[in-house]
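Novice: My questions will all concern the structure given below.
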Amino acid sequence: MMISITISALIFTAVAYLGFYNARSLAALTNYVDLDRNSRHALDILSRDIRQADKLASFTTSELIFNTGGGTNNLRFLYSTNGEFVRIEGTTREVLLDKCDEMVMTVYGRNTISNNFGQFPTTNAANAKLLKFNWTCSRTILGARVNTESVQSAKIVIRKQN
């Protein structure tokens with residue numbers, strides 16, 4: 001009787017551990033799919049808006065301001081300290097990404113060196129032609145903050161700018 005109780009306890013422990021492991025794996029997979037979907041949506045909107053922008057009006061390490069449709073300073077992308085990356089157009093505010101651990105926006109200018117097609121960072125918004133975004137988001141799974149998404153990266157060219 002004692003041997004059967006001990007074997008049963010070991011089997012139940014193994015099954016419980018396997019169930020916990022499967023639940024955690026399913027939660028991580030679901031989290032990855034959700035983060036990937038959000039990243040794709042954000043990238044689609046970023047690409048569409050930036051490619052159609054007239055020009056980059058100004059920028060900081062956490063904010064990009066564009067002129068679009070002949071207007072002035074009417075489209076903003078802002079990364080806030082609470083981990084949100086938002087799109088603001090007029091009075092409309094749309095959260096593109098949330099729970100971002102890091103968002104790096106780099107502005108590159110036009111090629112200024114002959115016979116060199118590399119990208120060179122610029123500090124002047126008037127010279128901006130290419131924008132590079134790198135971000136990482138994470139979520140909490142069973143009480144632990146887990147990053148199931150690799151670094152997302154995108155380079156987008158302002159097409160309409162002369």
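Novice: How about Lys99: which aspartates and glutamates have a C-alpha closer than 16 Å to its C-alpha, ignoring those fewer than 8 places off in the same chain?
Specialist: Asp34, Asp36, Glu84, Glu149
Novice: Pop out the ³J(HN,Hα) list for the stretch 58-75 in order, Karplus 6.51 cos²θ - 1.76 cosθ + 1.60 with θ = phi - 60°, rounded to Hz; leave Gly and Pro as x.
Specialist: Karplus-based 3J(HN,Hα) across the stretch 58-75 equals 6, 7, 10, 5, 10, 8, 10, 10, 10, 9, 9, x, x, x, 10, 6, 9, 9 Hz.
Novice: Search the structure for amide H atoms under 5 Å from the amide H of Ser138, placed 1.01 Å from N in the peptide plane, and list their residues when 5 or more places away or on another chain.
Specialist: Asp101
Novice: When we measure straight from the Cα of Lys55, which lysines land under 22 angstrom away, once same-chain ones fewer than 8 places off are left out?
Specialist: Lys129, Lys132, Lys155, Lys160
Novice: How many angstrom lie between the C-alpha centres of the stretch 65-139 and the stretch 28-44?
Specialist: Cα centroid of the stretch 65-139 versus Cα centroid of the stretch 28-44: 20 Å apart.
Novice: Across the stretch 79-90, in residue order, what do the Karplus-derived ³J(HN,Hα) couplings come to in whole Hz, using 6.51 cos²θ - 1.76 cosθ + 1.60 with θ = phi - 60° and x for Gly and Pro?
Specialist: Once rounded to whole Hz, the list reads 9, 9, 5, 8, x, 9, 10, 10, 10, 10, 10, x.
None of the figures in this text is laboratory data; all of them are computed from the coordinates on show. Keep in mind it's a predicted model, so treat the numbers as computed, not measured.
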